[in-house]
1. Report the label-to-label distance for residue 268 and residue 66 in nanometres (one decimal), using points 7 Å from each Cα along the Cα→Cβ vector.
2. Starting from the residue with the highest accessible area, list 123, 196 in decreasing order, probe 1.4 Å.
3. Report the full-extension gain for the segment residue 58 to residue 284: residue separation times 0.36 nm, less the Cα-Cα distance, to one decimal in nm.
4. By accessible area of protein heavy atoms, probe 1.4 Å, what ranking do 27, 138 get, highest first?
5. If the chain between residue 11 and residue 176 were fully stretched, how many nm would it gain, using 0.36 nm times the residue separation less the Cα-Cα distance?
6. Over all directions, how big on average is the projection of the convex hull of the alpha-carbon atoms in the chain, in square nanometres?
7. Label-point separation (nm) for residue 211 and residue 26, each offset 7 Å from Cα along Cα-to-Cβ?
8. R0 = 25 Å: FRET efficiency of residue 202 with residue 224, Cβ-based, nearest 0.05?
Amino acid sequence: MNETLLKKLAKPMLILAPVIWGSSFVVMKHSLDSFTPFYLLAFRFTAAAVLLGLVCWKSWRAMDRSYLKSGLVIGTFLFLAYAFQTFGLDRTTSGKNAFLTAVYCVIVPFLYWLIARRRPDKWNILAAFICIAGIGMVALTTKGSGGLAVNLGDMLTLAGGFFFAAHIVAVNKFAEGRDIFLITVLQFAVFAAWSWIGALVFREPFPAGLSGGAVFAMVYLVVFSSCGALLFQNIGQKYTAPATAAVLLSLEAPFGVLCSILVGEEDLNAVMVLGFALIFLAVVCSETKFEFLRKKTLEKKG
């Protein structure tokens, strides 16, 4: 695909990815009734690696040792993130899982500063904290959210949030100058390999007698949540600053709650509305740094 076009589509892709993920929260939660966590991830990412690998077959021409290294690092971080998030989701509520996972939007600017020695500006940091406050208002006021009471599932989810931050920074570091489609396929393959190992080590029971609904859910997770959304994420991140990408990707949590409201599983309340407003404000802050307000102030002074 044309490089110029990809640059133009980068930020829309970073918004579309969390829209897809938001809709998949309910799918993931119900899928755990049919699959154990590691087998769910193993089937999902094995199929995703095969499917995307066939679609992007021309990208294999660029394959070398550096791609293998990049795929290993990025895929391992993504596996750890999803593993902790999925085990956390099995032990806590969807709302708290979504909120606590989203802490990565605060971690990313500081982690990137540590790794790349590039200090985030005050607007990136402000946007991250406004965003996490908004997500808290949205996710922690859902039905049965459990408020701020902490359990094992919450701690596992927080660990997942850290590894999601590490994954975002790793994609930014290793994707530069490389074929993002091949990087994504290798990421899926490494992820799948770790998942099969996890299933065997933890001796999880192999899923049997799957219903039509479970198969449909898996197809949705493979085609849309993995091949589609994660590819969009990798492409978007390649052309977007990590701090900005983290804020845009964290929209996954409010979109998840919004989908629940649309299907009648959640009721909209005043705190949620305020939370959505703060999240929108965070995106505006990250994207514009409120330059339009500062210009107006300078014009009035002039």
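1. Reported label-point gap for residue 268 and residue 66 is 5.0 nm.
2. Values: 123 50, 196 85 Å².
From most accessible down to least: 196, 123.
3. Details: separation 226, 0.36 × 226 = 81.36 nm, distance 3.81 nm.
77.5 nm is the gain from fully extending residue 58 to residue 284.
4. Values: 27 35, 138 0 Å².
I get 27, 138, largest accessible area first.
5. On the way: separation 165, 0.36 × 165 = 59.40 nm, distance 1.66 nm.
Answer, rounded to one decimal: 57.7 nm.
6. Numbers: hull surface 70.1 nm².
Reported value for the Cα convex hull: 17.5 nm².
7. In this crude label model, residue 211 to residue 26 measures out at 1.5 nm.
8. Numbers: r = 27 Å, r/R0 = 1.10.
Rounded to the nearest 0.05, the efficiency is 0.35.
The values are calculated or read from the model by the stated rules, or taken from the named source; none is laboratory data. Everything numeric in this text was worked out from a predicted model, so none of it was measured. Don't worry about glycine lacking a Cβ; one is built from the backbone with ideal geometry, like all the others, and counts go over all protein chains shown. Remember, those area values only see protein heavy atoms, side chains included, never the ligands or the DNA or RNA. Shrake-Rupley method; radii C 1.70, N 1.55, O 1.52, S 1.80 Å.
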